[in-house]
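Working notes, beginning with the structure itself.
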Amino acid sequence: MQLPARTGPLVALVGATLFWAANYVLGAVAVREMTPVALTALRWSLAVVPLLVIAQVVERPDWRAVLRTWPRQLVLAALGMVGYALFVYTALQHTSPVNASLVNALNPALIALGGAALARRAPSRRTVLGTAVGLLGVLVVITGGRVADLVQLRLNAGDVLMVGAIVVWTLYTLGGRGLAGVPPIASTAVQAGVAALLMTPFALAGQVRWPSGRDATVALVVIAVLPSVGSYLLWNLALRRVPPAEAGSYLNLITVFTVLAGALTGYALGAAQVAGGLLVLGGVLLVRDRPASRVGQHAGETLRDVRPAGDVPGVPADGRRGR
């Protein structure tokens, strides 16, 4: 499957980020009726077969080689497919999709900092500064601009859960570096299958039910099709023609699309969200914006080889692996 040389990659990258933004907006709709456990279980149960088919058609992987990595796939599925989703969907029961996406935008900088620690290298000053600026932005968002509330622990539970989500995704991302030779969509398909199996005990206990309401049903199906399947396909097709660092710059569109969706549905942005969001995105740009001649010289100092959060495939240096 090939994309048109000129417009194809651009359309694919915009489409992928738009679909990932939908995970926040539609997730908030789904959890009005469904539990986070049910949404997570049904999402990956619906997505696993399409992902397997697409992996076979697009990547034609050696499935035996992929399955030999099952111990790491198991851990990654528990972290990224189950843990991250449960954190996000539980957070959306207590906070808005806009706040969730703003907190989530800090994740690339956090991953870069964690990568430096994992590589046992001192992070660059830009990485430290960018992470600090981004963290300040998150604090502004979760406190509504009242940072003094941190002393009295008067915080929104959903925003705090989103901080937990990006920590889990950071662990997932750093752990995923051990799968450098596994095709990205095939790896995602295997992890989706493992996630569905991990959620089976909850289904047997009666905690997983198909939603009865139309809105929740539509939200579930769209989440299973677009963020879970469509985005992975579009992202990896784009990376065949677009340099990873350039593709990574499109990830900030996830927050932009989420905010626009909120505005279209009547959600009014507060001054704290605007200020906090700008700080978060500014922090990410500080971490990302490095001279081309130095990119890739030090592990953990750039975003080229990490997996940003929000159900987004990674952007490795060779452009072949996804998240």
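Residue count for the range 31-55, restricted to those that are within 13 Å of Ala85 (Cα to Cα) and hydrophobic (A, V, I, L, M, F, W, C): 7. Scanning the range 160-215 for residues that are surrounded by fewer than 17 Cβ atoms within 10 Å (Cβ to Cβ), hydroxyl-bearing (Ser, Thr, Tyr) and within 18 Å of the chain's Cα centre (by Cα) yields no hits at all. Within the option set Ser187, Ser231, being polar (S, T, N, Q) and closer than 24 Å to Asp62 by Cβ holds for one residue only, Ser187. Residues that are surrounded by fewer than 24 Cβ atoms within 10 Å (Cβ to Cβ) and of a type outside the set (D, E, K, R) within the range 102-130 comprise Leu113, Gly114, Ala116, Ala117, Leu118, Ala119, Ala122, Pro123, Ser124, Val128, Leu129, listed in sequence order.
We did not get these values from a lab; they are worked out from the coordinates using the rules stated. These figures come from a predicted structure and were not determined experimentally. Please note: Cβ atoms are built from the backbone with ideal geometry, for glycine as well, and neighbour counts cover all protein chains shown.
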